Structure formats: structure tokens, C-alpha cells
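Take a look at the structure set out below.
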Amino acid sequence: MKKTFPIEVDCAACAAKMEDAAKKTEGVKNASVSFMTLKMRVEFEDGADINETMDRVLKACRKVEPDCEIDF
Amino acid sequence: MNRKQKKSLYSILISFVLLIAVFVLDKTHLLPDAVCKILYLIPYGIVGHDVLRKAVLGIKNKEVFDENFLMAVATIGALCLGEFTEAVAVMLFYQIGELFQSIAVGRSRKNISDLMDIRPDYANLLNENGECEEVDPEEVETGSLILCRPGEKVPIDGIVKEGTSSLDTSSLTGESLPRTVRAGDAVISGCINLDGLLKIETTKEFGESTVSKILELVENSSMKKAKAEHFITKFAHYYTPVVCYSALVLGLAVPTLTGIISGSFAYSVWIKRALTFLVISCPCALVVSIPLSFFGGIGGASKKGILVKGANYLEALANTETVVLDKTGTLTEGVFEVTDYLPAEGTGKEELLENAAYAERASGHPIAQSIRKAYGKSIPSSSSEELREIAGKGIKAQRGDGFVLCGNKALLDENGVSFGEPHANGTVVYIALDQKYLGAIVISDRIKKNAKESLSALKNNGVKKTVMLTGDHEVTAEYVAKETGVDEYKAELLPEDKVREVERLLETKSASGKLVFIGDGINDAPVLSRADIGIAMGALGSDAAIEAADVVLMDDDLSKLPLAIRISRKCLRIVKENIVFAIGVKILCLVFAAFGIANMWWAVFADVGVLIIAVLNATRTLHIS
């Protein structure tokens, strides 16, 4: 299951950090952030609840980049 | 400018004015020194409060090496050393740089999305009463009737029910010649209706339509990252901590050591140098310019009708060493036509063709169609006359008291017609009337007009070897190979032989070189996936080809292949320029800072100036001549 979410982030290095943080989140199989399109593409583990997982992803991302937004 | 950028601009302006005011007060000694120093904190706070806030949050979240933290330490350090003007100015310039960056990136984002401005905003849905209603394309169900007026985009794939018009497909294919459509023709979304009113029955939902597929593909392409991007994120990962620890060594260890040796401890000089280090340590210039270059390259390519599915493929294309081409539909048009007449002695060309057309008058076979097209006149026939199609051999048609035979050698042999077999390139159709051999017609696939130039353009763009693979006969393959100038060819291959051939070529190429396979996407899936880069051409409207390939050429213009390689090479060159330039300037500034030549101003340039130049350079990838 793959889904793409619009994100808000100010700098490219921060986007790379968000990608790292999302990848390490529970329920996420793989993640990729494009600073150019301001999108995050998340591949979920089988059976993972999307909303719960995205909550965790946002929390993890806020830790590395306090001002970031993920629209889900 | 968006709201955030405007806010940032205002705080920059206000604090700039305040800084000058305080500076004047300070220098003219109108106020006591201590008061001035406190006053300096006002512009500092206005322009830097966001940085300070994020720095605190960063520490709380154990994210120490982020640029806010670095800027905060550097400027607070400067304040502590009594360098008030410098501290405020550095923060000010840092913010100006951030604003510039944000605007520059925003603009290139917009440029690229303008390039891909094919998304239709609405569809004119016709309801049962024949009334027209403007709706979101996503709401239109398959099989609905929609109206497309001149100047509007076709919103959804469908079939024309009423009307004639020309369509501008340039935003999809890069091809500027309009395409004429009339009732019964399929139209694809994203084209612009130029002059006529079209009533279209949709055959797909919006999400499955060509325009959605293309947009999705281009948007997701930046998710597949190039090696250069991975390199730079990894580099940034180590670069920042290394510079920070060096700053620590520079600010504390060096003055302590030299102090022990010389007896005088010059901490403030070295701490200042260390703070300069911190400002230079931000990695953003590198990290933003590389994906921006690739994104620009992908955007520019899609404007030309070349869809690249990932930055990794765009990067790989630059190192194309071997190009393997399919024959039919790639080097040739894939449209069969009569190319030669070989009438027997005593038979005219007209008589030969007329008899062939007579026999082939009702057949739907491509060969029959090409013969009828060559004949060009209507064919008189009476329905009572027998017409028999002999599978795999040809046609036996009654004509008056006798028969016309039109087919392959086996058909004529079987009917006892003897003749000398001619030598020809292509499919040969033999014709006999009343047991007498009339001659043969050669039908072959036309070689694309630009095939030869495209292949030589490939050679000019670093391709070492071109190979043609085909399932066709040796004679035809040899002919096409000679005419187009491919280096090697292999004929009479089955699909699995093609895969084996590609595998063999993969083994013989150099380690860094890439193998590209290009075909029309039909029956090519295994080879497309086996090659380093699989390119499908003529993919307009073919989902399977879009699915299977790494790069998709929207029309069947072979010259797009050398163009794609050229775009890729240009993009890679810009990426390399940016890497060398950004890393070079930063290291240079670090060295200068260590020796006390570079001050904070240099550091701000090394950080923000480099970033802006790199971003501007990266946007060059958008423009393709």
C-alpha cells in the first residue's frame, strides 16, 4: 500500500531528515520525500493503520523539523 | 511571495532600519555604550527570533546539528564577544539568504509545474436533457458525454461522437503539428482543442486517463533518487558534524595549545574563527541544488514529450554506451507499403497491380490494405465471383473464366505455376493469372525518415555501439541495418532470443556504461525490464508501455532518444558543477577562516551566496534548446 501526501517544509536538508525519520517509523515499510514537489510518498507495512501510522510519522518528523506539516 | 515570505521580508526590513539607527546612535555616542548594546538586541530579536526558537526546539528534540542551532550559537557567540553589529548583520543576511532561497525554489517549482500544465480544471458534462454543466473531471463517470469547446483541454480520454477539430498535442508529445480528429476517433486527455466543437464519450475515469497517468509519473519521478542525490545527503550527514567538531577544536584546543607554548592565550580570536566555521557548516546549498537540477531536467524533458520515470534513470542515461533497438515501429514506421514491383516479362506494372488489388479487394490483412492503397482506384467486382482465402498462403480469386492467385511461393507452387524466384527486401507477394506468372509485388516497412540522423546523433552523444534486434528475415534486417547505419544486427529472433541477446550485450559492455533498449512497447516487456534503461516509444494512449518502461517517449519520433541523452548529459554536468562549486567554496572558506582571513561575512556568502548561485545554475536544466 503506497500513498502520497503533500507536505510543508522549508529547506532541502530538513526534507532529507524527514525522510529518514519517516523511514524509521513503525508501520512504514519505505518512505521518500521530494523537496521539489513537496510530497511524501509512504509505503505502509501490510495491515498498518494509515492514520495511526501517519500520526507517528508526523510526530517523528516534528522532532527533526519542528515547523513541518504533513497533510493526511 | 507567500505569507511566510512576506512576513520574513517585513522583519528583515524593520530590523535592517533599526540596525542602522542603532549603529548611528552607537557611533555618534549619543547614548551610553551599555544602552546601545541592549538596543542592538531589538533588531537581533526581530530578525532572529524564529531561528532561536527552532534552535531551542532542536536541542529539546536532540537534533543538535541543525542550521538554526548553528546560526544561534554563532550569533550568540558573537554577541558574547562584543561583536554586536556583526551578530545582527550575520543573522540579517542569513535571513535574506533564506528568503532568496525560498523565492528561488518556489519559482522553479512554479516553472516546472507550468511546464506540466496539462491538468484540466473542469469538464463540461452533458446531462440527459442535453444541458451542459461544468463539473470536476474526477466526478465524470465512464461512458458519459462531455463537450469540449475550442480552446479547452480535453479533460478525459474518450471517443469523438460528434464534431471535427484539430487537436494540439504539443504539451504531451512536443510535436507542434496539430492532429485532426473526427467522429469515431479516440482522443486523449491533455490535448488542446483548437477549432471545432467536440462531443466526446468518455472511455475512462479521470484517474485512469492519460493526463493523470502522466502527471502521476512526473510527480513520482523525483521520489526515485539519483546516485548523486544519495551521495550529497550522505555527504551532508557527515559534513555538518565534522565542521562543528573542527570548530570546537579550533575555538578551544588550538588557543589552549598555542597558549601553553607561547604563554599568551588568544581565546577570543580563535573563538571568532570557530564561530565562522559554524556558519559555513550548513549543508543546504548542496542538498537543494542537486534534486532541483534533476527535477528541472525531468520537467524540461517532459515538455519535449520524454517522460523519465526517475532521477536515477535521467542520471543513468548520460552514461549510455550501448543502444539496442527494435526494428519494426522503432527504426521503421511499422506501416507496410508497396515498395517495389517485379513484373514478369511481357507484363505491365499496372496489370500486375490491378490483378493483385482485385484479389485482395476484401481482405483485412495489412498486406492487402497496402496493395489496395497502392492501387488507389475502386475495384470492380461482381459478388457472384468466388473469393477464397487460403490461410497462410494467400488468395485465390475467380476472375471471368480463370483465377487470380495472389500470395506466397507455396500458393503458386501448389497451383503448378512455375517462375524464377526474385531477390527482394521485404515481404514478396506473387501474382499469377490463369496459371501464368505475372510477377511479384514487394511490400515492406518504410524506414523512418530521421532514423539515420538519430543514430548518428547518438554516436555524437557518447554512444559507442548500436544494435538492432528483430524477428524479421535476414534479408530485410540486413537492408534496414545498412540503410540506417546501425553497427550490428541480429535477425530472426524470437522474443526470448532478444532477452538472451540483451544479456550477452550487458556482459560485454564496460562496468560504468549503460545499456538502453528502445522499442515500441509491444511484446517488449521482458527486454525492457532486462536492460539498464528500457525506453518505450509511441506510448501515447498505451498504458502497458507506460507501465513497463523506465523512460517513455510520447510519440514515435526516434530523434527524441538522442535528445533525451543530451538532456541527461546537460543535467549531469550541471549537477557536477554544483557539487564541485559548492563543496569547493565551502572548503576554501573553511581554510581561510581557520587562518583568520575569512570573517563572518565570508561565511554568510559561503552559505547563502553559494546556495543562490547553485539554485540559479540548477534551473538551467529546465531550458532545452
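With a Förster radius of 25 Å, plug the Cβ-Cβ distance of residue B:62 and residue A:49 into 1/(1 + (r/R0)^6) and report the FRET value to the nearest 0.05. Working shown, then result.
Numbers: r = 28 Å, r/R0 = 1.10.
It comes to 0.35.
Need the full-extension length gain, residue B:49 to residue B:13, defined as separation in residues times 0.36 nm minus the C-alpha distance. One decimal, nm.
Numbers: separation 36, 0.36 × 36 = 12.96 nm, distance 1.47 nm.
Contour length minus Cα-Cα distance gives 11.5 nm.
Once you compute Rg and the Kirkwood Rh from C-alpha atoms, what is the Rg to Rh ratio for the protein assembly as shown?
Numbers: Rg = 34.1 Å, Rh = 30.1 Å.
Using Cα coordinates only, the ratio equals 1.13.
Pulled fully out, how much extra length does the chain show between residue B:492 and residue B:235, if you take 0.36 nm times their separation in residues and subtract their Cα-Cα distance? Provide the component values of the computation, followed by the final result.
Numbers: separation 257, 0.36 × 257 = 92.52 nm, distance 5.00 nm.
Extra length available between residue B:492 and residue B:235 comes to 87.5 nm.
How many Å³ per residue does the convex hull of the Cα positions in chain B occupy?
Values: hull volume 131.3 nm³, N = 625.
That works out to 210 Å³ per residue.
How tilted is helix B:84-115 with respect to the longest principal axis of chain B? Cα atoms for both, answer in degrees (0 to 90, nearest 10).
Helix B:84-115 sits at roughly 10 degrees to that axis.
May I ask you to sort B:567, B:42 by Cβ crowding, counting other Cβ atoms within 10 Å and putting the fewest first?
Details: B:567 24, B:42 16.
Listing B:567, B:42 from fewest to most nearby Cβ atoms yields B:42, B:567.
For the protein assembly as shown, what is the percent of antiparallel DSSP beta bridges, rounded to the nearest 5?
Details: 68 of 88 bridges.
In the protein assembly as shown, approximately 75 percent of DSSP beta bridges are antiparallel ones.
So which GluC sites (Glu not before Pro) in region B:73-167 are both in a DSSP loop and have at most 11 other Cβ atoms within 10 Å of their Cβ? Working shown, then result.
Values: sites: B:83, B:86, B:98, B:128, B:131, B:133, B:134, B:138, B:139, B:141, B:152, B:162; in loops: B:83, B:128, B:131, B:141, B:152.
Hits after loop and neighbour filter: B:128, B:131, B:141.
Give the angle, between 0 and 90 degrees and rounded to the nearest 10, that separates the Cα long axis of helix B:451-460 from the longest principal axis of the Cα atoms of chain B.
30 degrees
Could you tell me what a quarter of the Cα convex hull surface of region B:337-445 works out to, in nm² with one decimal place? Could the numbers behind the result be given before it?
Working: hull surface 25.5 nm².
Over every viewing direction, the Cα hull of region B:337-445 projects on average to 6.4 nm².
Taking the Cα centroid of region B:54-70 and of region A:13-72, what is the distance between the two, rounded to the nearest whole Å?
Between the Cα centres of region B:54-70 and region A:13-72 lies a distance of 19 Å.
Calculate the translational D of region B:292-399 in whole µm² s⁻¹ from Stokes-Einstein, where the hydrodynamic radius comes from the Kirkwood formula applied to all Cα pairs, the temperature is 10 °C and the viscosity 1.306 mPa s. Intermediate results must be reported in sequence, preceding the final value.
Working: Rh = 18.4 Å.
Result for D is 86 µm²/s.
Where the Cα atoms of region B:475-519 are projected onto their three principal axes, how long is each span, largest first, in whole Å?
Cα spread of region B:475-519 along its principal axes, largest to smallest: 33, 23, 17 Å.
Fewest first, what order do B:118, B:200 take by the number of other Cβ atoms within 10 Å? Before the final figure, lay out each step's value.
Working: B:118 20, B:200 29.
Listing B:118, B:200 from fewest to most nearby Cβ atoms yields B:118, B:200.
So if we plug the beta-carbon distance of residue B:128 and residue B:369 into 1/(1 + (r/R0)^6) with R0 = 45 Å, what FRET efficiency do we get, rounded to 0.05? Intermediate results must be reported in sequence, preceding the final value.
Values: r = 40 Å, r/R0 = 0.90.
Given R0 = 45 Å and the Cβ-Cβ separation, E is 0.65.
Calculate the length of the line joining the C-alpha centroid of region B:1-46 to that of region B:454-490, in whole Å.
70 Å
Between residue B:390 and residue B:111, take the C-beta separation as r, use R0 = 45 Å, and let me know the FRET efficiency to the nearest 0.05.
Details: r = 61 Å, r/R0 = 1.37.
Approximately 0.15, to the nearest 0.05.
Roughly how tilted is helix A:12-23, in degrees to the nearest 10 and between 0 and 90, from the longest Cα axis of chain A?
10 degrees
Starting from the Cα-Cα distance between residue B:28 and residue B:511, subtract it from 0.36 nm times their residue separation and give me the gain in nm to one decimal.
Values: separation 483, 0.36 × 483 = 173.88 nm, distance 6.93 nm.
Full extension from residue B:28 to residue B:511 adds 166.9 nm.
What is the dipole size for chain B, taken about its Cα centre, with +1 at each Lys and Arg Cβ and -1 at each Asp and Glu Cβ, in debye to the nearest 20? Working shown, then result.
Working: 66 positive and 77 negative charges, 693 e Å.
That gives chain B a dipole magnitude of about 3320 debye.
Going by Cα centres, region B:316-388 and region B:152-166 are how many Å apart?
Going from one Cα centre to the other spans 32 Å.
If each residue's Cβ is checked for other Cβ atoms within 10 Å, how do B:91, B:223, A:1 rank with the fewest at the top? Don't skip to the end; give the middle numbers.
Working: B:91 30, B:223 21, A:1 11.
Going from sparsest to densest Cβ surroundings: A:1, B:223, B:91.
If you place +1 on the Cβ of every Lys and Arg and -1 on the Cβ of every Asp and Glu, how big does the dipole about the Cα centre of the protein assembly as shown come out, in debye to the nearest 20?
Values: 78 positive and 92 negative charges, 684 e Å.
For the protein assembly as shown, the charge dipole is close to 3280 debye.
Using the basic label-point model (7 angstrom from Cα toward the beta carbon), what is the residue B:21 to residue B:195 distance in nanometres?
Result for the modelled spin labels: 6.6 nm.
Each label point is 7 Å from the Cα along the Cα-to-Cβ direction; what then is the distance between the points at residue B:450 and residue B:85, in nm?
Calculated label separation equals 6.1 nm.
Using only alpha carbons, build the gyration tensor for region A:2-70 and give me the equivalent ellipsoid semi-axes, biggest first, whole Å. All intermediate terms of the calculation are to be shown ahead of the outcome.
Numbers: eigenvalues 67, 28, 18 Å².
Equivalent-ellipsoid dimensions as semi-axes: 18, 12, 10 Å.
FYI, it's all coordinate maths here, none of it is from the lab. Since the structure is predicted, the reported quantities are computational estimates derived from the model, not experimental observations. When we count neighbours, we look across all protein chains shown, and the Cβ atoms used for this are built from the backbone with ideal geometry, even at glycine.
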